[in-house]
Structures are given as C-alpha cells and as structure tokens.
C-alpha cells in the first residue's frame, strides 16, 4: 500500500466529516460568505481550532485569487500542506551511540505500543535496539512492553517490581545499552497528567539521568498525543514543552477519529513539528509524517 493510500485510509473518518459538511462547495473557485461559514463549521468540527481555521481559510482565499485554475479543495490542500510542512521533523537515529529517545505523554495515548512498533522497525533495519520500561506505575506496563520486545526481537531492561524509581530503571537501562553496544534506546515512560506538577518533575529527573549516563541524551523527546482527544492535545503539548525539551510529536489513533484536523491546529498554534502518525493497530500501521499526503488525505 502506498504512503498516500495509508494516509487516505487512516484519515477517512475526518475526511468524510469534512467533505459531507462542505459538500459541493469544495468544487467552487471563489469563497463567498456562505461557503466560508460552511467551511468554518466543518474545520472547527474536525478540531482544526479557531485560529488555524481562520489562517487556513485566508490562505485558501489567497491561493484562489492568484490561480484561477484552482478549486477550493486544491486550495485547501495547498494551504494545509504548507502549514504542516513547515513544522516537520524526522524521528530517526543520529550518529550518537547509543541514540536515546524518550517517549512522553499523558495516560492512554499509546506510548508503549508506539515504542514497540518503532523498536521492531529499527531491528528490521539492522540496528541493535533496546527498550527501557520506565513506566513502573501502570499495572502490567512492563509486561506489555516485554511482549512487544519479544515480537520485535529486541532486548528490554525493566524493573523487577511495580513502583520502582523510574529514574533508576533508566539509569540501569542506559548503562546496559552502553555495555552491550546498542545503537538505539527507546525509553517508555509512565503516562502522566500534564496538570500534576510532581509527576512532571519526575519526568524531568528521568531526562537528567539520561544525560548523566549518556552525554547529550535524550537525543529526541517524542511527545505522543492521542488524535481522538482533539484540541485537548494542545494543552497537553504546551505543558509538556515547559517541562522537557520536546523534539517532535507523534499523533496516534488518527484512523479512529473525525478530529484529525488537530494536526493542523498543533502545527498552526505551537512551534512543534510532527514526526510520526499512527494510522491503525497493526505492527506497521504508523508512518513518518508527510505533509502532502496528510493534506490530501483530509480533502480528497
């Protein structure tokens, strides 16, 4: 299946909601007040957000004025691709060895699953990969990551008991990674509400321990957001970026929501690039983020 097909399939619920709300107006070559009202309603319903909705419509109007061959659908695609394309980043190991990535986010967004899928991908690419189960609070979190490690064929470092100090687990994991010559280390952290200051402080401690064991680590901090939560992800992102230096975002569960426009809101309202998206439950149902495929997936 092509990249475009994956995005089109994964964004089907959002696209259906958008196109049904706007209807034949997508074929228009001008923006009249009635069409603008329809479009605002549709974009807000997809959780694009008020500020980004206004910006996207303004960009579409500009594109239509400049190019008489465009229709509204093409103008919106062009504007959306431009908006999110300027906020992209690759989630890919650098030259550091080991290259350490920290996965953070609130409860239930899919960090553990994403860590397992990424580990499988790197292992297939020939990189010696190690998973660190630093979620010591959620019952069976380490067991879940252990299953993923088995499926991916990678090593895992975990605590022998629930409730252990996650920073200590990370210390042991990174020490083991250095001793074993690992190329990539993916650290799965506990889900934490962005409003709980003590838990955010604990996450900062984990990041400091990473740097003590592996200079320069974490080399990438991946904030995982649940696409079904829509604009709630904006508040989460703002809080996490004040606690740790977030490098990029992964947006999961886009296939299960009509609120996939939140990616536009994130790109439009925060200076955070999107690197990965989750488009299904299978081992390979995730993709590096692609601005043009995403924009087309929303409107075509």
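The values are calculated or read from the model by the stated rules, or taken from the named source; none is laboratory data. Just so it is clear, the model here is predicted, and its values are computed rather than measured. With ideal geometry, Cβ positions are generated from the backbone for all residues, glycine too; neighbour counts draw on all protein chains shown.
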- Determine whether the range 84-100 contains at least one residue that is assigned to a helix (DSSP H, G or I), at pLDDT below 95 and more than 17 Å from residue 288 (Cβ to Cβ). no
- When the range 32-47 is examined, which residues are found to be buried (at least 20 other Cβ atoms within 10 Å of the Cβ) and modelled with pLDDT of 90 or more? 39, 42, 43
- Would you check which residues across the range 101-116 are out of contact with any helix residue (DSSP H, G or I) (no Cβ under 7 Å at 6 or more places or on another chain) and modelled with pLDDT under 90 and list them? 107, 108, 109, 110, 111, 113, 114
- Message: Within the range 188-280, considering only strands (runs of 3 or more DSSP E) that don't extend past its boundaries, which have at least 2 residues that are over 13 Å from the mean Cα position of the chain (by Cα), more than 18 Å from residue 104 (Cβ to Cβ) and modelled with pLDDT of 85 or more?
- Response: none
- Item | So residue 80, is it over 22 Å from residue 268 (Cα atoms), crowded, with 20+ Cβ neighbours inside 10 Å and in contact (Cβ under 8 Å) with a residue 60 or more places away in the chain | no
- Query: Is it the case that the range 162-173 has a residue that's buried (at least 18 other Cβ atoms within 10 Å of the Cβ), in the same structural domain as residue 234 (by TED's automatic domain parsing) and in a strand (DSSP E or B)?
  - Reply: no
- Among the candidates 120, 182, 167, 152, which residue alone is in contact (Cβ under 8 Å) with a residue 60 or more places away in the chain and in contact with a helix residue (DSSP H, G or I) (Cβ under 7 Å, 6 or more places away or on another chain)? 120
